[in-house]
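Below is one structure; the comments refer to it alone.
Coordinate-derived values only; no laboratory data. What you are looking at is a predicted structure, and each value in this text was computed from that prediction instead of being measured. Using ideal geometry, Cβ is built from the backbone for each residue, glycine included, and neighbour counts are taken over all protein chains shown.
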Amino acid sequence: MESWRMVWREGFAPVFPTAGLESLWQALQSDDPRMTQGATTSPPPMQCYRESAINGCCAIGWCGWHGEKLETVGEVEEFFARSCYEADQRLGEPAGCRWFLNWYDDTPRDQMRMELLAEVERSLAQRFGIDVVERAASRERKRSRGRTKSVAAA
């Protein structure tokens, strides 16, 4: 198994909130331009932007931004740092998270999206034992029914 996959499976994915993984799945699926490569956050994690609203971030930060409803660059940067530390602890290797981070930043975007999407689906399927695509379709049907009811009520 490639090192990045092992880091994702054993270091990162087990500790991310389900809502964060589901949101990451949607971002990978739709190629959301707010999901960045080569940078932890947008704006960058500098002191002068610490309280600024987050506009985009990497896959790790995404799980905190959307999974824990974080709002600022500083909050997402702290989530990123904590996630990397926890992954290193789980892996028993100082800076072990680098295998995933380097792969994520250096892999062409379309390839990264396809491969990470498969890993996120695997992670979610392990949590729920059902097909992730089926879950997403079910959520979309519920949203559509809600919109239909609100239109009918108007």
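Per-structure values
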| item | result |
| --- | --- |
| Candidate set from segment 43-95 (those that are touching a residue at least 40 places away in the same chain (Cβ under 8 Å) and surrounded by fewer than 17 Cβ atoms within 10 Å (Cβ to Cβ)); member that is farthest from the chain's Cα centre (by Cα) | Arg90 |
| Residue check for Met6: of a type outside the set (Gly, Ala, Ser), closer than 23 Å to Glu93 by Cα, more than 12 Å from the chain's Cα centre (by Cα) and outside any helix (DSSP H, G or I) | no |
| Selection from segment 9-56 of residues that are assigned to a loop (DSSP other than H, G, I, E, B) and within 30 Å of Gly92 (Cβ to Cβ) | Phe16, Pro17, Thr36, Gln37, Gly38, Ala39, Thr40, Pro45 |
| Only one of Asp88, Asp106 that is more than 29 Å from Phe128 (Cα to Cα) and among the charged types (D, E, K, R) | Asp106 |
| Of all residues in segment 1-39 being of a type in the set (D, E, K, R) and in contact (Cβ under 8 Å) with a residue 12 or more places away in the chain, the one that is nearest to Gln126 (Cα to Cα) | Arg9 |
| Among (1) within 16 Å of Asp105 (Cα to Cα); (2) buried (at least 20 other Cβ atoms within 10 Å of the Cβ); (3) more than 10 Å from the chain's Cα centre (by Cα) - the single one Gly11 does not satisfy | (1) |
| Of all residues making up segment 77-95, the number that are part of a loop (DSSP other than H, G, I, E, B) and either under 19 Å from Pro33 (Cβ atoms) or of a type in the set (A, V, I, L, M) (or both) | 1 |
| Subset of segment 96-133 (residues that are loosely packed, with under 15 Cβ neighbours inside 10 Å and either of a type in the set (Ser, Thr, Tyr) or not in a helix (DSSP H, G or I) (or both)) | Pro108, Gly129, Ile130, Asp131 |
| Residue match in segment 27-40 (condition: within 14 Å of the chain's Cα centre (by Cα) and of a type in the set (Asp, Glu)) | yes |
